[in-house]
Amino acid sequence: MPQDYEDNNIPKKNDDNSELNKIISGKQKNPESKQMDLFKHLLKPSQNSGDLSNLLSLWDSFPKYALNRSLQTSMRNPYGGLPNYKRSYKALNGDECTIEISPAKITEKDGSEKDYYPSDLEESIEDLLRRLFLEQAHGIHLPNDQGSWCRFTLRMIYDKLKEQGKNRTMDDIKKALEIMKKATITITINGEPSHEGSILLERLIQNRTDYLKNPHAASAVRFSSLVSKGIEQLDFRQYNYEIMISLKSQLHKYLFKLLSSKFLNAGHTAPPFAIYYSDIEQCSGLLHHSEAYRKMDIVRKAMAYLVDRDVLRSFTEKPSTEGNKVTDILFKLTPSSAFIADMKASNKRHQMLLANRAASRSRTPLR
């Protein structure tokens, strides 16, 4: 970040024409971009469908938020430090992946320092910012690697989290944004470096003096380069954001996003969506019990919860065994009528994206 910008504050008022000041003030307009237009264009299956948003195929597949605050507390050394977190797993497409998370070092109110990994609050805030990004007044997608930005206010984040039943202070929100900026995510796929960077490349957050003067003063963040890349390459799918945020746990939300991105043939006559417990355990990173049977039971209860919430109509399970020991479970998930309606709209939009992608390859660039 340029030296004229402090990490916790909005840009200094020394250049009203700078690009970052334009973003903060709302003067920066979106340049003409067919990709951005397509990213924002959402097809609703019915008048009562609620808010929709987009899942990015690559970026959203990485388990960036798997370590909850309670688990982090148990992992810290007496000085507040956390080790780099590293785990390897096989993705659903068969790729051998490794994710490494370097924690963010945060200065607490008492002056002490403590390390944090991104967790559920940070995930909720990224989802929320990505939803705001679709609105004309908030989302800015710039060419030439200048990235994808979201303008917002801390009060807006506070209010929307409260609507979701997450009562967080302004300081909690600012800390979460700081964690998203300072924690580093490194991804290796099939032995080759794939990505290294933070969840938020830049965060321009109002300081306390500005907030006390105006709680609605603007802030801005720049998303990961993989978010911009997904927009440019039209590599995203529509999903029902309103249902997702209403779900109770991270695992419920993970499964809902997984179904929304992978259950492409959802329909009343389509076969159920099949997935193994072991794939969920590896790819989500959210199951931390030492006993496999307890983790299997958590997944089973999560499936039942999705039936109760009318995401699934039903599910079946077929265990794999070695002797008397259950080693894996094949789950087959049948979607609800409401989920099928959402997926039909998502598929319709995805076909439109594929048509635009094919046209861009045969004629001229989309921009």
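Taking ILE140, is it at pLDDT 95 or above, open to solvent by less than 50 Å² (accessible area, probe 1.4 Å) and outside any loop (DSSP other than H, G, I, E, B)?
So ILE140 does not fit the description; no.
Among residues of the stretch 315-342 that are in contact (Cβ under 8 Å) with a residue 12 or more places away in the chain and open to solvent by 30 Å² or more (accessible area, probe 1.4 Å), those with a beta-carbon under 8 Å from a residue that is among the charged types (D, E, K, R) and outside any strand (DSSP E or B) at least six positions away or on a different chain give the pairs GLU317/ARG300; ALA338/ASP310. Among the residues of the stretch 32-91, those that are of a type in the set (Phe, Trp, Tyr), open to solvent by less than 20 Å² (accessible area, probe 1.4 Å) and outside any loop (DSSP other than H, G, I, E, B) comprise PHE39, TRP59, TYR89. Checking the stated criteria, ASP145 turns out to be touching a residue at least 24 places away in the same chain (Cβ under 8 Å) and open to solvent by 20 Å² or more (accessible area, probe 1.4 Å).
Scan (1) closer than 28 Å to ALA217 by Cβ; (2) modelled with pLDDT of 95 or more for the single condition GLN146 breaks and write down its number. All conditions pass for GLN146, except number (2).
Scanning the stretch 217-270 for residues that are charged (D, E, K, R) and part of a helix (DSSP H, G or I) returns LYS229, GLU232, GLU242, LYS253, LYS257, LYS262. Screening SER346 against (1) small (Gly, Ala, Ser); (2) surrounded by fewer than 17 Cβ atoms within 10 Å (Cβ to Cβ); (3) at pLDDT below 95; (4) not in a loop (DSSP other than H, G, I, E, B) leaves a single unmet condition, (2). Of the residues ILE101, ILE106, the single one that is over 19 Å from GLU135 (Cβ atoms), of a type in the set (A, V, I, L, M) and within 19 Å of the chain's Cα centre (by Cα) is ILE101. Only a single criterion out of (1) buried (at least 19 other Cβ atoms within 10 Å of the Cβ); (2) more than 25 Å from LEU121 (Cα to Cα); (3) free of Cβ contacts under 8 Å to residues at least 60 places away in the same chain is not satisfied by MET303, namely (2).
Report yes if SER290 is polar (S, T, N, Q) and either open to solvent by less than 80 Å² (accessible area, probe 1.4 Å) or in a strand (DSSP E or B) (or both), otherwise no. No, not satisfied.
Residue by residue, here is whether (1) open to solvent by 30 Å² or more (accessible area, probe 1.4 Å); (2) in a strand (DSSP E or B); (3) at pLDDT 95 or above holds:
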{"site": "ILE101", "(1), (2), (3)": "no, yes, yes"}
{"site": "LYS109", "(1), (2), (3)": "yes, no, no"}
{"site": "ASP115", "(1), (2), (3)": "no, yes, yes"}
{"site": "PRO118", "(1), (2), (3)": "no, no, yes"}
{"site": "GLU122", "(1), (2), (3)": "no, no, yes"}
{"site": "LEU128", "(1), (2), (3)": "no, no, yes"}
{"site": "ARG131", "(1), (2), (3)": "yes, no, yes"}
{"site": "GLU135", "(1), (2), (3)": "yes, no, no"}
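For the stretch 135-151, the criterion of a residue being over 28 Å from HIS41 (Cα atoms) and among the polar types (S, T, N, Q) is satisfied by no position. When ILE179, ILE185, ILE173 are screened for being open to solvent by less than 40 Å² (accessible area, probe 1.4 Å), within 20 Å of ARG222 (Cα to Cα), touching a residue at least 40 places away in the same chain (Cβ under 8 Å) and in a strand (DSSP E or B), only ILE185 passes. ARG294 fulfils the conditions (1) closer than 23 Å to ASN68 by Cβ; (2) in contact with a strand residue (DSSP E or B) (Cβ under 6 Å, 6 or more places away or on another chain) except for a single criterion, (2). Just one of (1) buried (at least 19 other Cβ atoms within 10 Å of the Cβ); (2) free of Cβ contacts under 8 Å to residues at least 24 places away in the same chain fails for ALA270. It is (1). Apart from one condition, MET244 fits all of (1) touching a Pro at 6+ places or on another chain (Cβ under 6 Å); (2) at pLDDT 95 or above; (3) farther than 30 Å from GLY81 by Cβ; the exception is (1).
The values are calculated or read from the model by the stated rules, or taken from the named source; none is laboratory data. It should be emphasised that the depicted structure is a prediction, and the values quoted were computed from it without experimental measurement. Don't worry about glycine lacking a Cβ; one is built from the backbone with ideal geometry, like all the others, and counts go over all protein chains shown. Keep in mind that these areas ignore ligands, DNA and RNA; they rest on the heavy atoms of the full protein, side chains included. Shrake-Rupley method; radii C 1.70, N 1.55, O 1.52, S 1.80 Å.
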